[in-house]
Every structure is written in C-alpha cells, then in structure tokens.
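Have a look at the structure below, then the notes.
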Amino acid sequence: MAIDSTTIIAAIFSVVQQLDQAMPLWFQQGGLIMWLLLLTSFLTTVVTLERCFVWLHYYFKKEHLPLLDCFAYLNKKEKTKALLACQRLDTPALNMLAFGINALPFSPNNKMESYAERKIHNMSRGQTLLDTVITLAPMLGILGTVLGIIHSFNILGVQGVDNPTEVVAGIAQALVSTAMGLSVALLALLPFNLFRSLLQKLTLHLEGVGSEFYHICHQKSLITNELSEIMKTQERRSRTAKDNEQEFKYAVQKDSEMPYHYEFKEGTDEVKVNLHDEMRELHKTSQESLVEMYTSAINEEKEYFGVDEIELQKRQDTDRQVQKESFRKNTR
C-alpha cells in the first residue's frame, strides 16, 4: 500500500515538472506564486462563463407577456387563470407571483419575500469568489515581487557589484508576478461589477412586481385573512358580553329591592348567588332583634308566673276598696 502511494506521488510530481517545463520562461521564474495566480485566473474564468450563461438564459426568456396576463386575470379575480399564466415560464418574478397566488386569501408577504431572497441569493452565486480574487490576486503578485527582489539582493550580496546583470534581470522577473496579479484582478473585477448591477436590477424588478401584486390584491379584496377575522369577531363578542355583564352587575347592586347579587362566569352557565352587604347587615340585625324579643318575652313570662297568688289577691282587694271609697265620695 505504501509503494502504491509513493508511486502515485512520484507520478504527480513528474506531471507537474513536465507542465512547468512546458510553460514560458518568465512563468517558470515566478515559481509557486505564478501557479497560484494561474489557479485563481482559471476559477475566475469558470465562474464568469457560468454566470454569463445563467444571466443570458434569464434575459432570453420573455416574461413580460405572462406578467401582464397574470395581472389582468387578478384584476378579474380569476386566480386559477392567473396561476396558469405564471406557470408558463420559469422566471423569478413569475415563480414569486405563483407563491403569492397560492397563499391567497391569506397574506402572501412572508412566502413571496422568502422566495425572492432565496432566488436573489442563488443568482448571486460566484460573486463572493470573484470579490476574493479581486483582493487576493494583487497581493499574491506583490508577494512574488518581494520574493524575487529578495532573491536578487541575495545574489548581489554573494557576487558583489561586478556583475549587476543578474540582479537587474531578477528584479525584472520579480515585477512580472505583480503584473500577473493585477491582470487576474482586472479579469475578475469586470464581471463582478457586471453581475452586481444585473443583480440590483433583478432585485428592483422583483420589488416592483411584488408591489403591483399587493396593490391589486388590496384593491380587489383578494387578501381576506378569515382566521384573523374570526378571532376579531370572537374578541368583539366577548368584549360585548363582558360589558353587558358589568352593566348587569351594576344594576343588580344598585337595586335595593333585590337582596341577592348574581355573578355570571364567562363562557359557562354557572351563576353565583350572594347576599348584598346591606342585606347581610339587615339580616343580622333582624336576627338579633328577634333574639332580644324572644328573651324579653321569656323574662316577662317568668315575672308574671313568679308573683305570689295571695299577694296578687290582696292587691286586687285593695284596688276594689279604693274604687268604692272614691265612688262614695263622688255620690255625696
């Protein structure tokens, strides 16, 4: 297994040497930095070609007529025909409208915005790599130049000033990497700015289509959130019932002829009956007065039956005698 790995590594190394020998002399003198710049230029070319194909494919699709048909059907409140018009072509704007129509009669804001964000993100693929190459390529070129100048001054320090030809040639070769880095950065900068402007136009186009769709939906009352309407209706009814309950409680409490206070539990048929505070005091006073009357009656009965009968007879005889005497005096 180790022999096979060594063989593979040796084969790769031999292929790299052959490629290096096939390159021009100025490229070979740049060393590893030139290979890195070549790799970045290759990636930039691939991304640029792929993005150009995507944007050309998008602009060759004529979505203007399907958009007009979709908006015309929405003005007529024909959602099925509008959806069929959106499904004619596979474009970001038509797909976004299809998501919005499928969400009706509920609010389509979230679905349409999430789809637009995903589509814009997909259309911006590769721009991060181009932006990185724009920054990285000049830095690699400058690094190659600095390394070449260091090598030239090392030669100058070893051989002296007698032979400056090699030193000048080394500095000139070192500057080649800087030029290569700037060329790769320009190769990435032009398509990066082009794709960024196309992406901004697409974003504005999606915003305009979405605004037109919202305007038509609100104008034709296509967005009616039934769930929220039901919740609002229930809340309104519960508020009305609560207000009626408060008014009824107030009326019962103010009515002095009704001794009881009724409390209704919201959402159920339970009724709680209590005496008013005034009636409780009155009831308590009535009970106390009845107890006092009963106690006084018992005391009077005890006093009446506790008198001696002989003493009572004497009192009666005395009263009769007094009445007779007063009668005699009056007759004289």
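Annotations for the structure displayed:
- Scanning region 68-117 for residues that are of a type in the set (Ser, Thr, Tyr) and surrounded by 14 or more Cβ atoms within 10 Å (Cβ to Cβ) gives Tyr73, Thr91, Ser107, Tyr115.
- Residue within region 49-71 that is out of contact with any His (no Cβ under 9 Å at 6 or more places or on another chain), within 16 Å of Val184 (Cα to Cα) and at pLDDT 90 or above present: yes
- When Gly31 is tested against (1) within 33 Å of the chain's Cα centre (by Cα); (2) modelled with pLDDT under 90, just one condition goes unmet, and that condition is (1).
- Annotation note: Cβ proximity below 8 Å between a residue of region 82-106 that is without any contact (Cβ under 8 Å) to a residue 40 or more places away in the chain and under 12 Å from Lys119 (Cβ atoms) and a residue that is acidic (Asp, Glu) and part of a loop (DSSP other than H, G, I, E, B) (sequence gap 6+ or interchain) occurs for Thr91/Glu63; Leu94/Glu63.
- Residue check for Leu83: within 32 Å of the chain's Cα centre (by Cα), assigned by TED's automatic domain parsing to the domain that holds Leu136 and over 30 Å from Asn193 (Cα atoms): yes
- In the set His205, His218, only one residue is part of a helix (DSSP H, G or I) and surrounded by 13 or more Cβ atoms within 10 Å (Cβ to Cβ); that residue is His205.
The values are calculated or read from the model by the stated rules, or taken from the named source; none is laboratory data. Note that the structure is predicted; figures quoted are calculated from it, not measured. In this analysis, Cβ positions are derived from the backbone assuming ideal geometry, glycine residues included, and neighbour counts consider all displayed protein chains.
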